[in-house]
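The values are calculated or read from the model by the stated rules, or taken from the named source; none is laboratory data. All values derive from a computational prediction rather than experimental measurement. Here Cβ is always computed from backbone atoms with ideal geometry, including for glycine, and neighbour counts include all displayed protein chains. For accessibility, only protein heavy atoms count, side chains too; no ligands or nucleic acids. Shrake-Rupley method; radii C 1.70, N 1.55, O 1.52, S 1.80 Å.
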Amino acid sequence: MNIELPRGVQDILPEDIPYWHLVENTARKLFESYNYEEIRTPIFEYTELFRKGTGETTDIVMKEMYTFTDKKGRSLTLRPEGTPGVIRAFLTNKIYNQKPVCKVYYIGPMFRYERPQAGRYRQFHQLGIEVLGRKDPYIDFEVIKLAVDLLKNLKLENLEVEINSLGCIKCRPNYREALINYFRKYEDQFSPIDKERLERNPLRLLDSKDEKLIALKDQAPQPIDYLCDECKIHFEKLQKYLSLDNIKYKLSPKLVRGLDYYTKTVFEITTTTLGSQNAVVGGGRYDNLVETYGGPSIPGLGFALGIERLIILLKQQNHISLPYIPLIFITLSEDYVEAGIKLAKILRTKYRVDMGSPQENLRTQLKWADRLGSDIVIFLTEEIVKNKLKIKNFKTGEEKYTDLNLNTILEDIETML
Ligand code: HAM
């Protein structure tokens, strides 16, 4: 019997949940203030969706998908990323008929069969946004700004925004040809997979992890030198808006991203404090993806952020105080349980409240309160008859007999916290 945790996945234990809530709540608040709505799509989809969208020549599709056949022999895949499912939902539900522009966000688990290491897992969680129906560069700016602001609102530092433009279907063929001409000279040193990529999608060679290719990448032609006028203006405007808003960015002419659907803008936000898994956010524009899926010609763009990586950073930077310490009621007598139930009910509108077992002795209940991490303990004793309540902060040693009046109790707890 194997009941071990499978490799590359992890439990998210209650002690870490405050970080998850913090990230999710901060994101929801920010995204909704920019008029994004939440969408929840299925965890598995037909495999074809990712082959066509994420791309046949990507590492994700070639090596990393959790694919299985169901009882009717259909090929299904646990989603390795969120974008294809969102586009599918946009098409399945004909959202384009209801809304000229669709702005959505999502939070949920993704699955990639990668070699696990710190910051890289086989089940991980992404928080992402997608915009469908806007082709103007202002929206590229808004998408990047939202990623930057989310990290800022979480008080994260040491982050760098890198941007590049990959051109569109008009200018990409020229760039593709230049890349093939360049790499063709070294073809005999390539692995079979990279030979195939040279024929089918030479852009993929630029994000190869093969050392030979990494060395060759330096001298390779850059997409930015092949942009058509429209792509050039689009990229310049994006940079203008970023500068107007004082968002610092770095031009990274070799940044191509590991997914096939990108056109024009691509970007990543990286950190210096996560070792080799340094990308926290990745995103870009995909003006042909909806059409690739047989839909109308509707442009799109978005980003996704790895929540586990973000939480590693939050813990490193250590300046988030987490509001999850409960107040504990303790009583040694059945006579005061009723008062405890009533008071706790009211205090629960503001605090997390827990109640000890009146059958246990004082020492056991105090030990339990301590193990719950609680500082504030409220004692229900015979003082209740005199309309008094003892409150003690076990961290500071401060204790008070407060009047049995809700406002006074709340004020006293507030000052003792
Ligand atoms: P991606 O760059 O493949 O883009 O993933 C986005 C983020 O997910 C990464 O920057 C990283 O933080 C996190 N991530 C990826 N793989 C793992 C892993 N194995 N373990 C932990 N975290 C990981 C996308 O997925 C695109 N769908 C982004 C996008 C949305 N582009 C346009 N719209």
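Here are the numbers:
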| read-out | value |
| --- | --- |
| Within the range 104-115, considering residues that are more than 8 Å from the ligand (Cβ to nearest atom) and either assigned to a loop (DSSP other than H, G, I, E, B) or not hydroxyl-bearing (Ser, Thr, Tyr) (or both), the one most open to solvent (accessible area, probe 1.4 Å) | Arg115 |
| Which numbered condition Phe68 misses (of (1) open to solvent by less than 30 Å² (accessible area, probe 1.4 Å); (2) assigned to a strand (DSSP E or B); (3) more than 9 Å from the ligand (Cβ to nearest atom)) | (1) |
| Residues satisfying the stated conditions in the range 1-34, i.e. polar (S, T, N, Q), surrounded by 12 or more Cβ atoms within 10 Å (Cβ to Cβ) and more than 26 Å from Arg115 (Cα to Cα) | Thr26 |
| The one condition in (1) at pLDDT below 95; (2) within 16 Å of the ligand (Cβ to nearest atom); (3) over 19 Å from Glu81 (Cα atoms) that Leu238 fails to fulfil | (1) |
| Flag for Ile17 being β-branched (Val, Ile, Thr), at pLDDT below 95 and within 18 Å of the chain's Cα centre (by Cα) | yes |
| Subset of the range 163-190 [of a type in the set (A, V, I, L, M, F, W, C), out of contact with any strand residue (DSSP E or B) (no Cβ under 9 Å at 6 or more places or on another chain) and in a loop (DSSP other than H, G, I, E, B)] | Cys171, Phe190 |
| Answer residue from the range 219-253, given it is touching a strand residue (DSSP E or B) at 6+ places or on another chain (Cβ under 7 Å), aliphatic (A, V, I, L, M) and part of a helix (DSSP H, G or I) and is nearest to Val143 (Cα to Cα) among those | Leu238 |
| Top-ranked residue of the range 77-94 - restricted to ones that are polar (S, T, N, Q) and open to solvent by less than 60 Å² (accessible area, probe 1.4 Å), ranked as nearest to the ligand (Cβ to nearest atom) | Thr83 |
| Pair list, Cβ under 9 Å, 6 or more apart: the range 79-93 residue farther than 12 Å from Leu132 by Cβ, other residue away from the ligand (no atom under 13 Å from the Cβ) and of a type in the set (Lys, Arg) | Pro84/Lys52 |
| Subset of the range 376-412 (residues that are β-branched (Val, Ile, Thr), within 40 Å of the chain's Cα centre (by Cα) and surrounded by 13 or more Cβ atoms within 10 Å (Cβ to Cβ)) | Ile376, Val377, Ile378, Ile409 |
| Exclusive hit being more than 16 Å from the ligand (Cβ to nearest atom) and closer than 28 Å to Pro192 by Cα, set Leu251, Leu213 | Leu213 |
| Candidate set: the range 137-155, residues that are among the charged types (D, E, K, R) and either in contact (Cβ under 8 Å) with a residue 60 or more places away in the chain or not in a helix (DSSP H, G or I) (or both); chosen: the one surrounded by the most Cβ atoms within 10 Å (Cβ to Cβ) | Asp140 |
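Residue-wise test of (1) in contact with a helix residue (DSSP H, G or I) (Cβ under 7 Å, 6 or more places away or on another chain); (2) open to solvent by 30 Å² or more (accessible area, probe 1.4 Å).
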position	(1), (2)
Tyr36	no, no
Phe44	no, yes
Leu49	yes, no
Lys63	no, yes
Ser75	yes, yes
Tyr96	yes, yes
Cys102	yes, no
Phe124	yes, no
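So that you can scan it fast, the table gives a plain yes or no per residue for (1) out of contact with any strand residue (DSSP E or B) (no Cβ under 6 Å at 6 or more places or on another chain); (2) on the phi > 0 side of the Ramachandran plot; (3) modelled with pLDDT of 95 or more; (4) not hydroxyl-bearing (Ser, Thr, Tyr):
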residue: Gly73; (1), (2), (3), (4): yes, yes, yes, yes
residue: Leu78; (1), (2), (3), (4): no, no, yes, yes
residue: Gly85; (1), (2), (3), (4): no, no, yes, yes
residue: Cys102; (1), (2), (3), (4): no, no, yes, yes
residue: Tyr121; (1), (2), (3), (4): yes, no, yes, no
residue: Val131; (1), (2), (3), (4): no, no, yes, yes
residue: Lys135; (1), (2), (3), (4): yes, no, yes, yes
residue: Tyr138; (1), (2), (3), (4): yes, no, yes, no
